[in-house]
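Enquirer: Let me begin by handing over the structure; questions about it come next.
The values are calculated or read from the model by the stated rules, or taken from the named source; none is laboratory data. Just so it is clear, the structure is predicted and the values come from calculations on it, not from any experiment. No Cβ is skipped: glycine too gets one built from the backbone with ideal geometry, and neighbour counts run over all protein chains shown. Just so you know, the surface numbers come from the protein's heavy atoms only, side chains and all, with ligands and any DNA or RNA stripped out. Shrake-Rupley method; radii C 1.70, N 1.55, O 1.52, S 1.80 Å.
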Amino acid sequence: MRDEEDEVVMIREYDPKTDRDGTDAVDRECEVGPGGGMSLHADLLGDPVARIRRSPRYLMLVAETSGPGGRIVGLIRGTVKSVATGESRPGAPAFANVGYILGLRVAPSHRRMGIALLLVRQLERWFELMGTEYAYMATDRSNEASLRLFTARCGYSKFRTPSLLVHPVHSHRLRAPRRATVVRLGARDAERLYRSRFAHVEFFPADIGAVLGNALSQGTFLAVVDGAGYEWRGVDRFLSSPPASWAVASAWDCGGVFRLEVRGASRLRRGAAAATRALDRLAKWLRVPSVPDFFRPFAGWFVYGLGGDGRDAAVAAEALFASIVNMARGAAAAVAVEVAALDPLRSRIPHWRRLSCAEDLWCMKRLGGHADGWDWARSAPGRSIFVDPREV
């Protein structure tokens, strides 16, 4: 394509040997936050493909201007995998190949030139070559430019509105319900439990074993309510005679992929946060709601695969999340989980509203060549959703 000065922009695959500095520059220009205020900076630790390389198939594209002064002015990342559709009725496939779009960036100097649209269309062509039936993306509801691009110009529909719930990690331990007993599961038992009880949940990955076995996965945990002295006796025993109320969840160390940093905070804000941390360290029994040092590069953990059953499953979920927050002490500054809008477990998940996003927005599109029958992109939401930690 050409701009007013006849500048040509080419879309091509990312080359790790020559493109790293250029993509880093675009990411820096597009840091999240209003001009002159605080912004959230993500450091991919020198690997622009870090957020997608653990997926079964992935691709990163760049938009580059031509000529001797040519530079990278845009980028996009995508992954392809097989996931559950959440449907089991006739005509609705249990699993589908989906493409996930993330990390779309265009340098401010080259916006409103159609570059984002070119990047999305090129990535969608690759999705179709990979046999993908649907493409989806996630954005903040306030990101009007992104919503216009995907819904008005690319044909995506507003699909799901999960909540991202975040809790800081303190020096003191987060209290967990005393009624719940938490035990760690082995990777093989965890996989069998997930496949037996959650394979019908939307976006459950067909390669769940690879997720659980990844080095960044910090373990899978089961909480049982009113199960004092509960002992895990194997997945067969659990599946044949489960407790009355229970929940399961796994933890993922995002710090092995990227670090976050809040920039632009005033000295007063940084000093006040430091004071809360100092008091928390010296007097843990006061349980001060201290603010972690978000103003230096920090790691975060992500809770995935959260689900359960029984009248008090939400109590078990609270115990699991609190236990993982406590486990993250010394390793992460915050722990997050993303839950569906209708998920009954969300009511007991401890979180700070000012750090959380009450309504994230996922948009989906059915790709060409798959126009007959049931359309997942226009289906009603289920009670739960599986958020793959490899794509956080």
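Enquirer: What's the total number of residues in region 184-206 that are over 16 Å from I385 (Cα atoms) and among the charged types (D, E, K, R)?
Expert: The number of residues fulfilling the criteria is 5.
Conditions tested, residue by residue: (1) of a type in the set (S, T, Y); (2) under 30 Å from E391 (Cβ atoms).
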{"position": "T276", "(1), (2)": "yes, no"}
{"position": "A283", "(1), (2)": "no, no"}
{"position": "L286", "(1), (2)": "no, no"}
{"position": "F294", "(1), (2)": "no, yes"}
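Enquirer: Given the criteria closer than 30 Å to S245 by Cα, open to solvent by 40 Å² or more (accessible area, probe 1.4 Å) and in contact with a strand residue (DSSP E or B) (Cβ under 7 Å, 6 or more places away or on another chain), does H167 qualify?
Expert: Numbers: closer than 30 Å to S245 by Cα: yes; open to solvent by 40 Å² or more (accessible area, probe 1.4 Å): no; in contact with a strand residue (DSSP E or B) (Cβ under 7 Å, 6 or more places away or on another chain): yes.
So H167 fails the test.
Enquirer: When you scan region 124-199 for strands (runs of 3 or more DSSP E) that lie fully inside it, which ones turn up with 1 or more residues that are of a type in the set (D, E)?
Expert: On the way: elements: 134-140, 157-160, 163-168, 180-185.
In region 124-199, the matching strands (runs of 3 or more DSSP E) lie at 134-140.
Enquirer: Now a separate question. Taking the stated definitions as given, is R173 surrounded by fewer than 19 Cβ atoms within 10 Å (Cβ to Cβ), at pLDDT 95 or above and closer than 23 Å to C254 by Cβ?
Expert: Here the answer is yes, as R173 does meet what is asked.
Enquirer: Could you tell me which residue of region 239-282 is most open to solvent (accessible area, probe 1.4 Å), considering only residues that are closer than 30 Å to E29 by Cβ and basic (K, R)?
Expert: Selected residue: R267.
Enquirer: Only one of (1) of a type in the set (A, V, I, L, M, F, W, C); (2) open to solvent by less than 50 Å² (accessible area, probe 1.4 Å); (3) over 28 Å from V98 (Cα atoms) fails for L59. Which number is that?
Expert: With respect to (1) of a type in the set (A, V, I, L, M, F, W, C); (2) open to solvent by less than 50 Å² (accessible area, probe 1.4 Å); (3) over 28 Å from V98 (Cα atoms), L59 is out only on (3).
Enquirer: Would you confirm, using the coordinates I've provided, whether W285 is under 19 Å from G186 (Cβ atoms) and either open to solvent by 60 Å² or more (accessible area, probe 1.4 Å) or among the aromatic types (F, W, Y) (or both)?
Expert: Against the criterion (under 19 Å from G186 (Cβ atoms) and either open to solvent by 60 Å² or more (accessible area, probe 1.4 Å) or among the aromatic types (F, W, Y) (or both)), W285 does not qualify.
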